[in-house]
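A short reminder: the numbers here are calculations on the coordinates, not readings from a lab. For clarity, every value in this text was computed on a predicted model and none was experimentally measured. Ideal geometry is used to build each Cβ from the backbone, glycine not excepted, and the neighbour counts take in all protein chains shown.
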């Protein structure tokens, strides 16, 4: 089974070596691909110097466009499962086996690593959790999926769903939208308990103004997605 | 109330200049006809309306607008709304294509890079 780990990286010069070396040394059974989203720091120079497997976007597309590049690459190269992990070392690859298990067994098409099931490890700030819970509510409303860690970037998708994501994926803040998109198109989404760490170096891309934009954009996007996919879903059920 | 002659001529000149500039841009291919068709249409409507203001007055009486100027503002605002919507749609579509291009280019760049590395390896072997 061919498995690809997609690592979107934007200005991750302090973390990327540690993250990728860990994968190469301890998890050689998985292939990996770093997607450098036109970083302004020396991320690309590091990738090149270390001879890592990477692609480098010539323009900054944001997390959605970067991850989608990875999905396109996975689809083109015939990967059976595509996994996404953050480039800042928050996600422990030791959990990948557990994460992909439902997909390998054919019980799910998409799995999301959630830190809120066993409530172990880094639980993030109160405000962030509030936002995550609000989006959790909207997702349940839109498609009935019970995802606990809705913004988690630690996730895996089956071959078929990866091909779907390669064609269509949200531009910015794509994580919650991808859940609803997958579910509305008839894919099974499953939560898997994982532990997350606090980022060790660099800075997170979340700030106050962006949070406000996030909390407005994401619910609206989810509702629009729900409105737009209703017909498709009915057709599928009718078959 | 008839339009004062000086104002009438002034308006005709304004609209004519706009029309000619538009035409010149189109001829010089600085504007894509696909996206400027709406401008061409608007300028022709303006030209007709300014040369024969009776048409506007007649149209106003038909729908019950008392001041023809209000009708002109109303039509202009609707026109701008439609135009801005169109532009947003065009930008969204272009955005999608830029994304696709960027992603495809990045993946191709990786393949070229790897081929070049292999070629360099082969060359160095031949050199020995």
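Here are the numbers:
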quantity: Distance in nm between pseudo-label sites at residue A:98 and residue B:21 (7 Å out along the Cβ direction from Cα); calculated: 6.6
quantity: Average partner coverage of A:59-66, which counts Cβ from other chains inside 10 Å; calculated: 3
quantity: Listed residues B:62, B:22, B:40, most fluctuating in chain B (Gaussian network, C-alpha, under 10 Å); calculated: B:62
quantity: Protection proxy ranking of A:178-186, A:4-12, A:140-148 - average other beta-carbon atoms within 10 Å, highest first; calculated: A:4-12, A:178-186, A:140-148
quantity: Cα centroid separation, segment A:97-122 to segment B:16-91 (Å); calculated: 57
quantity: Relative contact order [Cα under 8 Å, 6+ residues apart], chain A, whole percent; calculated: 24
quantity: Kirkwood hydrodynamic radius of the protein assembly as shown, from inverse mean 1/r over distinct Cα pairs, in Å; calculated: 24.3
quantity: Where labels lie 7 Å past Cα in the beta-carbon direction, separation of residue B:6 and residue A:24 in nm; calculated: 8.2
quantity: Of B:54, B:105, B:66, the one that fluctuates the most in a GNM where chain B has Cα springs shorter than 10 Å; calculated: B:105
quantity: Average silhouette area of segment B:1-51, convex hull of alpha-carbon atoms, in square nanometres; calculated: 3.5
quantity: Value of relative contact order over chain B, rounded to a whole percent, pairs C-alpha under 8 Å and six or more apart; calculated: 17
quantity: GNM flexibility winner over chain A from A:56, A:69, A:157 (Cα, springs under 10 Å); calculated: A:56
quantity: Distant alpha-carbon pairs in segment B:68-128 (separation over 18 angstrom), percent; calculated: 67
quantity: Principal semi-axes in Å for segment A:67-125 [√(5λ), Cα gyration tensor, largest first]; calculated: 23, 16, 9
quantity: Sites residue A:133 and residue B:101, calculated FRET efficiency, Cβ-Cβ separation with R0 41 Å, nearest 0.05; calculated: 0.60
quantity: R0 of 22 Å, Cβ-Cβ distance residue B:125-residue A:77: FRET efficiency to nearest 0.05; calculated: 0.25
quantity: Length released on extending from residue B:32 to residue B:118, taking residue separation times 0.36 nm less the Cα-Cα span; calculated: 26.6 nm
quantity: Residue A:126/residue A:160 FRET efficiency (R0 35 Å; Cβ-Cβ; nearest 0.05); calculated: 0.40
quantity: For segment A:20-119, alpha-carbon Rg relative to the globular expectation (2.2 N^0.38 Å, N residues); calculated: 1.14
quantity: All-pairs Cα distance distribution in segment B:1-94, expressed in whole percent, bin size 10 Å; calculated: 14, 38, 32, 14, 2
